[in-house]
Amino acid sequence: MKHVILGICVFFYAVLLEYLKYNYGLNLIGKMLILSVLTGVTYKIIEKIYENRAATSEDEK
């Protein structure tokens, strides 16, 4: 499920960066750098959420 959520977020980021490319002249290298940073941050956030959810379910038992 983590990868599905990440894929949806990356698709959204790619569409947003494509908009910036055409309207503000963002080049390909800048687009890839921003996309990789956003993807990494999003993955870490999703990972933290799943860790907290697992810890919470273990505490309830």
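Set against the 2.2 N^0.38 Å expectation for a compact globular protein, the chain has a Cα radius of gyration ratio of 1.49. Compute the angle between helix 2-24 and the longest alpha-carbon principal axis of the chain, please, reported from 0 to 90 degrees and rounded to the nearest 10. The helix 2-24 is inclined about 20 degrees to the chain.
Potential lengthening of the chain between Val10 and Val37 amounts to 8.7 nm, from the contour at 0.36 nm per residue minus the alpha-carbon distance. Working from Cα positions, state the angle (0 to 90°, nearest 10) between the long axis of helix 28-60 and the longest principal axis of the chain. Rounded to the nearest ten degrees, it is 10. Short-range pairs are left out: with C-alpha atoms under 8 Å and at least six residues apart, the relative contact order of the chain is 42 percent.
Read the figures in this text as sums done on the coordinates, not as results from a lab. Remember, predicted model here, so these are calculated numbers, not experimental data.
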